[in-house]
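The values are calculated or read from the model by the stated rules, or taken from the named source; none is laboratory data. Please read all numbers here as calculations on a predicted model, not as lab measurements. So basically every Cβ, Gly included, is an ideal-geometry build from the backbone, and we count neighbours across all protein chains shown.
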Amino acid sequence: MTENHELPKTYAPGDFEERIYKNWCDKGYFTAKIDKKKKPYTIVIPPPNITGQLHMGHALDNTLQDILIRYKRMSGFATLWLPGTDHASIATEAKIVEAMRAEGVTKEQIGREGFLKRAWAWKEQYGGRIVSQLKRLGSSCDWSRERFTMDEGCSEAVKEVFVRLFDKGLIYRGNRMVNWCPTCVTSISDAEVEYEDKPGNFYHLLYPVKETGEMLELATTRPETMLGDTAVAINAEDPRYQHLHGCHVILPLINREIPIVCDEHADMTKGTGVVKITPAHDPNDYEVGARHDLPLVRVFTYDGKMTGAADKAAADKLRKSGTAAVGEPEVLDCGKYAGLTTTEARKAILADLEAAGLLKSVEPLAHNVGTCYRCHQVIEPMVSKQWFVKMEPLAKPAIAAVREGRTKFVPERFEKNYFHWMENIRDWCISRQLWWGHRIPAFYCDACDEITVTKEATAKCPKCGCEMRQDPDTLDTWFSSALWPFSTLGWPRKNRGS
Ligand SMILES: [Zn+2]
Ligand SMILES: [Zn+2]
């Protein structure tokens, strides 16, 4: 060693890490080989979202995986650490829309094709960056098997599962209460709603009783939904209202007569014990509505405004069209409030109620509000036509697997959360009003209302022979992410041992 090659005073990994990593890869040290004499040990990477770059959490998580896989590799197992990235439908679409906004371009201007072109370019850029970051971490992944949740194999698996579950009656399309983000203009799943304490008010309103002329007091945090009220509920046991069983109230501002119903949802111990029922815009009221066969009246548009004459005309047309009409809400022409945002409508409606002497009081109240995990705007519960997975029959064997000890939670206390979640599970809304993602493999005939679910790219109506139109929506990212451990290893192809 000469004097010029003194050991540097500080550690400078940049000088040699890349060279060493390249050497590992070139020599195929991380490439999985099937060896029947060795026990297999496999980790399928939880695919990072292509929304941006890796963060500290990824660095930790991937280091842990790397430690495990290297330990097993050196202990003589046939190891595979399979890498890849996730298309992250809503999160990525939101990022691209945001980037487009900076350029003054909207999704509508460039159309679906144009948008998808941008999305794929985004994937190249950010997916590529994530891969190079994983490599810089020294992750010993088998790069010859790198996958993407929207590649051909994953798409094949998604279509296969959709068709199989549909054929078994476990996937259905229907009008149901969903979490709706008026900003992202899509439905989102229960898991994508974040709850935040927000300052608000409890507005005490007065509704006149038709039969007796008295005023019924009730409180609401969202007075703008009142136009969609289709009942008022009291508790059957409440001594204050025994004389009102079977009576009606006149809905203020629009003078619609709606029934007073007896329902357990009305809690005698809270306030006046009277609650307004808006089945199209509140999940609890939706249940009350179903119990009493109340009409569903939608008063919000999907982009967060009050409905008007055009919305009503479109809905009336749809409601007359046979199969499509099942469970389709009525739409109200909100008249002078039509076209206002829900925030503007709240102000206008409160002012009008006050002028009519029907706003009794306003009580400040911090309350827990559901917000969109992507854009943090308040979620609007809406009845809308979506695709759902029937969860109960699927949850049963998953519950049994843990009860019988075939699957274990570490730490064990998470078992409780799991059981609570699985035993109370609701049907999963899997359709999203987004363009970036796996398109729903369902086709509609506009001539005769026929629906076909198929893995093919196009479909002809089996009833009338017309060209069918594919559902414009995409699937919740988790529909494909849940299949990731299978689709990356070849499922649904039967390729045992290859
Ligand atoms: Zn949102
Ligand atoms: Zn047809």
Selection within the stretch 452-483 - surrounded by 14 or more Cβ atoms within 10 Å (Cβ to Cβ), more than 18 Å from Glu192 (Cβ to Cβ) and away from ligand 2 (no atom under 16 Å from the Cβ):
Leu483
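Using the structure shown, decide if Tyr207 is of a type outside the set (D, E, K, R), assigned by TED's automatic domain parsing to the domain that holds Val362 and part of a helix (DSSP H, G or I). Spell out the reasoning first.
Values: of a type outside the set (D, E, K, R): yes; assigned by TED's automatic domain parsing to the domain that holds Val362: yes; part of a helix (DSSP H, G or I): no.
For Tyr207, the condition - of a type outside the set (D, E, K, R), assigned by TED's automatic domain parsing to the domain that holds Val362 and part of a helix (DSSP H, G or I) - is not met.
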Can you tell me which of (1) over 23 Å from Asn284 (Cβ atoms); (2) within 16 Å of ligand 1 (Cβ to nearest atom); (3) of a type outside the set (A, V, I, L, M) is the one Arg173 doesn't meet?
(2)
Filter the stretch 58-103 down to the residues that are of a type in the set (Ser, Thr, Tyr) and within 25 Å of Phe30 (Cα to Cα), then identify the one that is farthest from ligand 1 (Cβ to nearest atom).
Ser75
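Going through Arg291, Arg298 one at a time, which residue ends up being surrounded by 12 or more Cβ atoms within 10 Å (Cβ to Cβ) and touching a helix residue (DSSP H, G or I) at 6+ places or on another chain (Cβ under 9 Å)? Explain how you work it out, then say what you get.
On the way: Arg291 fails: touching a helix residue (DSSP H, G or I) at 6+ places or on another chain (Cβ under 9 Å).
Step by step, each of Arg291, Arg298 is checked, and only Arg298 is surrounded by 12 or more Cβ atoms within 10 Å (Cβ to Cβ) and touching a helix residue (DSSP H, G or I) at 6+ places or on another chain (Cβ under 9 Å).
Please determine whether any residue of the stretch 38-49 is surrounded by 11 or more Cβ atoms within 10 Å (Cβ to Cβ) and more than 36 Å from the chain's Cα centre (by Cα). Give the derivation first.
Taking the stretch 38-49 as the starting set, the residues that turn out to be surrounded by 11 or more Cβ atoms within 10 Å (Cβ to Cβ) are 38-49.
With the extra rule that they be more than 36 Å from the chain's Cα centre (by Cα), the set shrinks to 38-39.
Yes.
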Examine the stretch 90-107 for a residue that is of a type in the set (Ser, Thr, Tyr) and either within 23 Å of Gly153 (Cβ to Cβ) or within 20 Å of the chain's Cα centre (by Cα) (or both), and state whether such a residue exists.
yes
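Where residues in the stretch 68-101 are of a type in the set (Gly, Ala, Ser) and modelled with pLDDT under 95, which of them is surrounded by the fewest Cβ atoms within 10 Å (Cβ to Cβ)?
Taking the stretch 68-101 as the starting set, the residues that turn out to be of a type in the set (Gly, Ala, Ser) are 75-76, 78, 84, 88-89, 91, 94, 99.
Narrowing the set further to residues that are modelled with pLDDT under 95 leaves 88-89, 91, 94, 99.
On the way: Ala88: 22, Ser89: 27, Ala91: 18, Ala94: 21, Ala99: 12.
The extreme case among them is Ala99.
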Quick one: which of Gly339, Gly357 is part of a loop (DSSP other than H, G, I, E, B), of a type in the set (Gly, Ala, Ser) and in contact (Cβ under 8 Å) with a residue 60 or more places away in the chain?
Gly357
Tell me, please, whether a residue that is touching a residue at least 24 places away in the same chain (Cβ under 8 Å) and either surrounded by fewer than 18 Cβ atoms within 10 Å (Cβ to Cβ) or within 16 Å of ligand 1 (Cβ to nearest atom) (or both) can be found in the stretch 228-236.
yes
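Just checking, does the stretch 418-427 include any residue being in contact with a strand residue (DSSP E or B) (Cβ under 7 Å, 6 or more places away or on another chain) and either away from ligand 1 (no atom under 16 Å from the Cβ) or in the same structural domain as Asp167 (by TED's automatic domain parsing) (or both)?
Kept after step one, since they are in contact with a strand residue (DSSP E or B) (Cβ under 7 Å, 6 or more places away or on another chain), are these residues of the stretch 418-427: 427.
Remaining after also requiring either away from ligand 1 (no atom under 16 Å from the Cβ) or in the same structural domain as Asp167 (by TED's automatic domain parsing) (or both): 427.
Yes, the stretch 418-427 contains at least one residue that is in contact with a strand residue (DSSP E or B) (Cβ under 7 Å, 6 or more places away or on another chain) and either away from ligand 1 (no atom under 16 Å from the Cβ) or in the same structural domain as Asp167 (by TED's automatic domain parsing) (or both).
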Subset of the stretch 154-206 (residues that are small (Gly, Ala, Ser) and surrounded by fewer than 20 Cβ atoms within 10 Å (Cβ to Cβ))
Ser155, Gly169, Gly174, Ser189, Ala191, Gly200
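Among the residues of the stretch 395-424, which ones are of a type in the set (S, T, N, Q) and assigned to a helix (DSSP H, G or I)?
The initial filter retains those residues of the stretch 395-424 that are of a type in the set (S, T, N, Q), namely 407, 417, 424.
Asn417 - this is the single residue of the stretch 395-424 that is of a type in the set (S, T, N, Q) and assigned to a helix (DSSP H, G or I).
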If the Cβ limit is 6 Å and pairs must be 6+ apart or interchain, which residue in the stretch 369-384 that is modelled with pLDDT of 90 or more pairs with which residue that is more than 8 Å from ligand 1 (Cβ to nearest atom) and small (Gly, Ala, Ser)?
Ile379/Gly370; Val383/Ala280
Output the residues belonging to the stretch 451-498 that are farther than 27 Å from Arg112 by Cα and among the aromatic types (Phe, Trp, Tyr).
Phe486, Trp491
